[in-house]
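The values are calculated or read from the model by the stated rules, or taken from the named source; none is laboratory data. Predicted model only: the values in this text are computed from it and were never measured. Glycine gets a Cβ as well: all are built from the backbone with ideal geometry, and neighbour counts include every protein chain shown.
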Amino acid sequence: MEGSPPASDRRLILCIAMGQLIGWGTLFAAFPLFGAPIEAELGWTRTEFNAGLTLALLISGLAAVPAGRWVDRRGGRWLLALGAWGGAALLVAWSQVSTLPAYWAIWGAMGLAQATALWSPAMAVVVAQARDPVRAITGITFITGFTATVFIPLTALLIERLGWRDALLVLAGLQAIPGLLALWLLPPDRPRTEVRSGSGFDLGRAMRRPAFLGLAGALAAHAFIGVGLGAHAIPLLRERGLPEASIIVLVSLHGPFQVAARLALFTLGRRVTMRGVGRLASSLVPVAMLALGLAPPEFAWLLLYVLCWAMADGLMTIVRAAGVAEILGREGYGAITGALTAVTVLPRTLAPVLIALMSEGAGGYGPVPWLLAGLGALGAGCFAMAAAQRSR
C-alpha cells in the first residue's frame, strides 16, 4: 500500500470520491437536519419523518443487486450519472412537498437514486477499472471521510439562512455535479460479453459457511448502528442539552477521525491484516456506545464517543471491501458481497424507525446507547468468529 495511487487510477479516484462525497452529503448525511424545521412547519411526528429514510433504505437495498449486475454487464458511467441527476430532481421535489404521502413517495424513489448513485455501484466501477482496487478504495475513503464534516455545517447554515425548502434547492444543485463528473472522467460504457460463468461457484454453499455467517452478523450490526446514528445522533445530542455549536462540531469531527484511522492503516500497509483491523474496529463499537451512554453532557467526554465510533466506522468501510476477500476468498466475490449487502437491508431499513419508536416510547433517547452497545458487542463476536474460521 506504500506510495501514491497509480497515475491511471487518479481520474477514477477523483471522480468516484467527489461523487460519493456529494452524494452521501446531499442524499443521506443532511437528512436529520431537516427533521426539526419540517416537523415544526408541517406538524409531522419524528417517526413519520424518519419513515421516509426507512423506505428509501429498503428500496435501495432491494435494488442494489440489479444495479451491481448492470455495472458488471454494461458498465457504470451512465448509471452513476442518471442516479445522481435523479437524486437532484428528487431533492427539488422534496423542497415543494406539503403532504406526508407525497413525501414518502419522493423518498421511495430516492431509494432508487441511492442504489444507482452511491457506494455499491461506485465500488463495482472501481473494482472493474482500477489497476489497484484496494489502494483506490483507500484513497477514495480519505476524501469521503469528510462528508459529515462538509455537509453537516453547510446544511445547517443553509437552513438557518434560507429556510429548509431553499436549502434543499441548493443541495439539489450540488447533487447534479456527480453526474457531470461521471460523464467527464469515466471511460465510455462498453457491454461486457466475456461474462465469466460456469466456474462451479455455489453461492448457497458459501452462505452456509460459518465465516460468511459471522461476517453477515457483524455487518448487519454495524449497519443498524451506523444508519441509526446517522438519523438520530443530532437529536440525541440535543436532548443531552449541549449547545448547538458543540453538537455540530462533534458530528463534524466524525470525518476527520475516520480519515486519521484510515491514514494509520495506509501507513501500516502489509504489516496488518484485514482480520486484525476488523477485530479492532468491531471491538471499538461497543466501547463507543458505552461512552455515549455513560458520558455526562460535556463536550470533552462525548469526544471519546465520537473518536471511538469514527475510527471503527472508518476502518469497517475498508474491511468490508478488502476483508471479505481475505476471509472468504476471491472466488465469487461479487455474488458474496451482493449477498452481504442484502443481509444488511433489514437492519438499515429498521434502524431509524425503531430508534424513533424507542425514544418516543421511553420519553427520550436514554435506552438507545445501551441497545447500540449490545448490538456492537454482538457484532464484535460475530466478526471474531468469521476471522477465526479463516485463521484455521
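Of all the numbered requirements in (1) buried (at least 24 other Cβ atoms within 10 Å of the Cβ); (2) modelled with pLDDT of 85 or more, ARG161 misses one, and that requirement is (1). Within segment 202-225, the residues that satisfy the criterion of being out of contact with any Pro (no Cβ under 9 Å at 6 or more places or on another chain), surrounded by fewer than 22 Cβ atoms within 10 Å (Cβ to Cβ) and assigned to a helix (DSSP H, G or I) are LEU203, GLY204, ARG205, ALA206, MET207, PRO210, ALA211, LEU213, ALA216, GLY217. Among the residues of segment 82-98, those identified as of a type in the set (S, T, N, Q) and modelled with pLDDT of 95 or more are SER95, GLN96. When we screen ARG69, ARG77, ARG10 for residues that are surrounded by fewer than 24 Cβ atoms within 10 Å (Cβ to Cβ) and in contact with a Pro (Cβ under 7 Å, 6 or more places away or on another chain), the only hit is ARG77. One residue alone among LEU53, LEU79, LEU33, LEU62 is out of contact with any His (no Cβ under 7 Å at 6 or more places or on another chain), at pLDDT 90 or above, farther than 22 Å from PRO133 by Cβ and not assigned by TED's automatic domain parsing to the domain that holds VAL345, and that residue is LEU33.
Taken together, the residues in segment 343-377 that are surrounded by 16 or more Cβ atoms within 10 Å (Cβ to Cβ), under 25 Å from PRO32 (Cβ atoms) and more than 18 Å from the chain's Cα centre (by Cα) amount to 9. In contact (Cβ under 8 Å) with a residue 60 or more places away in the chain, of a type outside the set (A, V, I, L, M, F, W, C), assigned by TED's automatic domain parsing to the domain that holds VAL287 and not in a helix (DSSP H, G or I), is that true of GLY376? Considered against the rule, which asks whether it is in contact (Cβ under 8 Å) with a residue 60 or more places away in the chain, of a type outside the set (A, V, I, L, M, F, W, C), assigned by TED's automatic domain parsing to the domain that holds VAL287 and not in a helix (DSSP H, G or I), GLY376 comes out as no.
Checking segment 258-281 against the condition returns a match, with at least one residue being of a type in the set (Val, Ile, Thr) and closer than 21 Å to LEU118 by Cα. With the condition kept exactly as written, say whether any residue in segment 37-47 is among the hydroxyl-bearing types (Ser, Thr, Tyr) and crowded, with 23+ Cβ neighbours inside 10 Å. No, segment 37-47 has no match at all. Of all residues in segment 91-102, those being part of a helix (DSSP H, G or I) and either crowded, with 24+ Cβ neighbours inside 10 Å or touching a residue at least 40 places away in the same chain (Cβ under 8 Å) (or both) number 5.
Going by what's in this entry, would SER252 be described as in contact with a Ser or Thr (Cβ under 7 Å, 6 or more places away or on another chain), among the polar types (S, T, N, Q) and farther than 28 Å from CYS382 by Cβ? Answer is yes for this residue. Please tell me if PRO243 is within 24 Å of LEU371 (Cα to Cα), free of Cβ contacts under 8 Å to residues at least 40 places away in the same chain, out of contact with any Pro (no Cβ under 7 Å at 6 or more places or on another chain) and of a type outside the set (Ser, Thr, Tyr). When the stated conditions are applied, PRO243 does not pass them.
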